[in-house]
1. Determine which member of the set L35, L135 is closer than 18 Å to M177 by Cα and among the hydrophobic types (A, V, I, L, M, F, W, C).
2. Would you please name the residue that is nearest to L106 (Cα to Cα), looking only at residues in the range 42-67 that are assigned to a loop (DSSP other than H, G, I, E, B) and not polar (S, T, N, Q)?
3. Which numbered condition in (1) within 16 Å of the ligand (Cβ to nearest atom); (2) closer than 13 Å to L86 by Cα; (3) surrounded by fewer than 17 Cβ atoms within 10 Å (Cβ to Cβ) is the only one that K24 fails?
4. Answer yes or no: is there a residue in the range 100-114 that is in contact with a helix residue (DSSP H, G or I) (Cβ under 6 Å, 6 or more places away or on another chain) and among the aliphatic types (A, V, I, L, M).
5. Would you pick out the residues in the range 29-70 that are within 14 Å of the ligand (Cβ to nearest atom) and farther than 23 Å from T145 by Cβ?
6. Could you check, for the range 42-50, whether at least one of its residues is free of Cβ contacts under 8 Å to residues at least 60 places away in the same chain and hydrophobic (A, V, I, L, M, F, W, C)?
7. Any idea which of (1) surrounded by 15 or more Cβ atoms within 10 Å (Cβ to Cβ); (2) of a type in the set (V, I, T); (3) touching a residue at least 40 places away in the same chain (Cβ under 8 Å) is the one I187 doesn't satisfy?
8. If you check N93 against the conditions, is it of a type in the set (S, T, N, Q) and over 23 Å from A9 (Cβ atoms)?
Amino acid sequence: MRQKKVKYATKEILESYDVVVEPKMLDFHEKKVFLEIGSGKGQFITKLAEDNPNNIYIAMEVNINVCYRIMEKKESMKLDNLIIILGDASFLNLYFGLDSIDGIFLNFSDPWPKGKHHKRRLTYPTFLKTYVSLLKDHGFLQFRTDHPALFHESIEYIENFFIITDVNHQLEASAYMTEYEIKKRAIGPIYQLIGKVDKHVKEGL
Ligand SMILES: C[S@@+](CC[C@H](N)C(=O)[O-])C[C@H]1O[C@@H](n2cnc3c(N)ncnc32)[C@H](O)[C@@H]1O
């Protein structure tokens, strides 16, 4: 969906609020680290960060206008444990070392329904391979969507990389919901799956 242009959303302004605007390796000082890719306006990840001050949360978002909205939330909620990256998930390796992340969240990722665009999906095997390499041995992937075809096709990709521990076709509402989830709940079911790193896959990378 096209996002509204935000007049003040420039790289310079975002950088002045400590948003990571150019690739650089991040250091987490042994803390638990959770990454949301494609955070949109940031409601989910900011609430998690607020409720779990001892962990580090990272919002990665490629769109500068919505990234600005995450930064506004971070400022108003005074979140010291949230890092915002203005960047593309295709370049995760430029920010994260191997075995550095405890959990990855994908919420309402773009479905890219046409076959020729499937490789852009954030659940596509090329992305999953990178997630497994960056996750710690006990790490997990949590994927939530309202899009049944994306969900079922993603299960087929994900089961080759993760051990799927939970599949839910009618997820209950919770305290941790994105802007999209709140809207889409009014229309139909919300699907979620959780997978943990498959040690054999990780060893074979
Ligand atoms: C459909 S929106 C969902 C936003 C939010 N997760 C929610 O549920 O409200 C998908 C978001 O993913 C972002 N996105 C898509 N591809 C991305 C990529 N390769 N790297 C980082 N963000 C991406 C888009 O800019 C958009 O904000």
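1. Within the list L35, L135, the selection yields L35.
2. Initially, the range 42-67 is screened for residues assigned to a loop (DSSP other than H, G, I, E, B), giving 42, 52-55, 62-63.
Subsequent filtering for residues that are not polar (S, T, N, Q) retains 42, 53, 62.
Numbers: G42: 12, P53: 21, V62: 14 Å.
For the range 42-67, the residue satisfying everything is G42.
3. Single failed check for K24: (1).
4. yes
5. I64, Y68
6. yes
7. Condition not satisfied by I187: (1).
8. Criteria met by N93.
All of the numbers you see were taken from the coordinates with simple rules; none came from a lab. In this text, all values refer to a predicted model and were calculated from it rather than measured experimentally. Glycine also receives a Cβ, built like all others from the backbone with ideal geometry; neighbour counts cover every protein chain displayed.
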